[in-house]
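In what follows, a single structure is set out as structure tokens and then discussed.
The values are calculated or read from the model by the stated rules, or taken from the named source; none is laboratory data. These numbers were taken from a predicted model, which means no experiment stands behind them. Note that each Cβ is placed from the backbone with ideal geometry, even for glycine, and that neighbours are counted across all protein chains shown. To get the accessible areas, we keep the full protein, side chains included, count just its heavy atoms, and leave off ligands, DNA and RNA. Shrake-Rupley method; radii C 1.70, N 1.55, O 1.52, S 1.80 Å.
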Amino acid sequence: MPDVFRLTRIVSTAAGGTRFVTADVPLTDQGVIGRMSDAADAGTAQFRETDDDYDWDYHPAPARQLILLLDGEIEIACTERDADGQPVGSPDVRRFGPGEVLLVEDVDGHGHKTRQLSAGPRRSVFVTLAAGALAAGALAAEA
């Protein structure tokens, strides 16, 4: 069994762009209750439902937060930027679906673009994180 919980980070770059980073949260065997991570201090939780025409142009995250995808499918685009804030190359576009967890940290710069791909309503949960919770240095591996 894996001893990590894999998630995708969306992070700001020095020039104000964004990029994806794959990260692993370490898990420890807790016996019959399974494998668990250390607790991460959180702030607020919000529940959200979007319609199938959801298409939000580039925007920074309002706070450093986890997004728990409950159903449906989305596409997120991240774009590197040059020193003048202009896009560099083609956007990195990835799809995410039910059960995936995003750690959204691009609170500065141009942010990311999100579009719903699935038909019908899509549900997700946003959990803001306390300062230092799930910090990059505490994650097991990054790629």
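Table for the structure above
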item: Residue-by-residue Karplus 3J(HN,Hα) for segment 69-76, coefficients 6.51, -1.76, 1.60, Hz, glycine and proline x; result: 8, 8, 7, x, 9, 10, 10, 10
item: Average Cα contact separation per residue, segment 75-143, under 8 Å, 6 or more apart, as relative contact order %; result: 31 percent
item: Accessible carbon and sulfur surface of the chain relative to its total accessible area, %, 1.4 Å; result: 51 percent
item: Dipole axis of the chain (+1 Lys, Arg; -1 Asp, Glu on Cβ), positive-most option in L103, V25, Q46; result: V25
item: Accessible surface, per residue, of the chain when the full set of protein chains is kept, probe 1.4 Å, Å²; result: 56 Å²
item: Net charge of Cβ neighbours under 9 Å - reference E80; Lys, Arg +1; Asp, Glu -1; result: 0
item: Under 12 Å, Cβ to Cβ, from G16 - net charge with Lys/Arg +1 and Asp/Glu -1; result: -3
item: Which labelled figure in (1) 41, 15, 9; (2) 54, 24, 10; (3) 26, 20, 14 is semi-axes √(5λ) of the Cα gyration tensor in Å, once derived from the coordinates; result: (3)
item: Relative contact order (percent, whole number), the chain, Cα cutoff 8 Å, 6+ residue spacing; result: 38 percent
